[in-house]
Amino acid sequence: MSEPVGFVGLGIMGAGMAGNLLRAGFDVVVYNRTAARAEPLVTAGAQVADSPRAVAERCPVVFTCVSDTPDVEQVLFGDNGLAQGVSDGSLIVDASTVSPEATRGWAATLAERGVGFLDAPISGGSEGAAKGTLSIMVGGDEASVDRVRPYLDAMGSTITHVGPVGAGQTCKLVNQILVVVSMLGVAEALVFAKAGGLDLEKTIAAVEGGAAGSWMLANRGPQVIRDDWRPGFTIDLQQKDLRLVMEAADEVGVPTIATSTIFHLYRTLQRDGLGAEGNHALVKALERLSGIQARQE
Ligand code: NAP
């Protein structure tokens, strides 16, 4: 029988990922701070533990997927955290999007105790987590990556070992710069199109097949013009990631002019209570500046 694998953090992403480990035939031990959120996985065949520590005591490999840097810190080193349950040779794989610098610190602390650590942040949204088609950007040593590859293959379709520990998080922040700058381009273009008297559906159809086309235009452009703000990814989580980009860019001394501007535009939307809307609601910040609404008539 294969060794059980642990999963801590059964939110939008973690629930889908742990579900795919189960579907692939692995024995899975789960923990979630809010216990009720673990119930669907238990129904699907997972065992439940009552703390991260208890998960680590039962599983040599444990995945984590929680919200922000202090949350991973708490799950790792807090009371009844994973670090209290690990043994020599345990391996922890963090799929949250968090600080690359903090990640390197955790890996160093755990290495002193003979415990391995990989960062494996994810892209692909709740759909990708549910379908097992995530892009997973992995940082850490080759042997540890090989050890968890069967699990990664069950959860993602693009697994890229991008470098040493912390490199996965840096790559995820690259991903986030590309996402928001693309979104700003779509937002600015649609507001301009509306102000110029164009039909927005025809405008998107006219440009999306050429060099101006993008995933963001094709998927979020139609949502914007139809007044549909349902989140694939919320402004609040996006804002957390942009804060991580700016902190990491500061550490390496790189100006992030576009990212900083977008961070502040999102901040105005958060102050207006729109943090739970999808990140394409960025257009609303430009609409307020221009007085033009980019909606289809
Ligand atoms: P979510 O639905 O809000 O779930 C967050 C999870 O973290 C919950 O299980 C929550 O437990 C747990 N948690 C938070 N703080 C904790 C703490 N201090 N101690 C223990 N557990 C804690 O978030 P999500 O969308 O799954 O995102 C998880 C991570 O994946 C984030 O870093 C996010 O940026 C990243 N991500 C998300 C997406 C996306 O599209 N949603 C895409 C790529 C990457 P409770 O249930 O008790 O609150």
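Coordinate-derived values only; no laboratory data. Everything numeric in this text was worked out from a predicted model, so none of it was measured. Quick reminder, even Gly has a Cβ in these numbers, built from the backbone with ideal geometry, and neighbours come from all protein chains shown.
Remarks
- Residue ID - nearest to the ligand (Cβ to nearest atom), chosen from residues in region 128-143 that are in a helix (DSSP H, G or I) and surrounded by fewer than 17 Cβ atoms within 10 Å (Cβ to Cβ): LYS131
- Meets criteria (of a type in the set (Val, Ile, Thr), in contact (Cβ under 8 Å) with a residue 12 or more places away in the chain and surrounded by 17 or more Cβ atoms within 10 Å (Cβ to Cβ)) for THR256: yes
- Listing of helices (runs of 4 or more DSSP H) fully contained in region 154-257 that carry 1 or more residues being closer than 24 Å to ASP141 by Cα: 167-195, 235-252
- The single condition among (1) surrounded by fewer than 20 Cβ atoms within 10 Å (Cβ to Cβ); (2) assigned to a loop (DSSP other than H, G, I, E, B); (3) hydrophobic (A, V, I, L, M, F, W, C) that ALA108 does not satisfy is (2).
- When region 281-292 is limited to residues that are out of contact with any Pro (no Cβ under 9 Å at 6 or more places or on another chain) and surrounded by 15 or more Cβ atoms within 10 Å (Cβ to Cβ), the one that is farthest from THR234 (Cα to Cα) turns out to be ILE292.
- Taking the criterion of being surrounded by 22 or more Cβ atoms within 10 Å (Cβ to Cβ) and free of Cβ contacts under 8 Å to residues at least 40 places away in the same chain, the only residue of region 153-179 that qualifies is GLY156.
- Residue check, ASP146 of a type in the set (Asp, Glu), in a helix (DSSP H, G or I) and under 21 Å from the mean Cα position of the chain (by Cα): no
- Filtered residue count, region 60-94, keeping only those that are in a strand (DSSP E or B) and away from the ligand (no atom under 11 Å from the Cβ): 6
- Condition check for ALA18: farther than 30 Å from GLN238 by Cα and among the hydrophobic types (A, V, I, L, M, F, W, C): no
- Taking region 207-229 as the range and being closer than 10 Å to SER182 by Cα, surrounded by 16 or more Cβ atoms within 10 Å (Cβ to Cβ) and not polar (S, T, N, Q) as the test, the residues that pass are MET216, LEU217.
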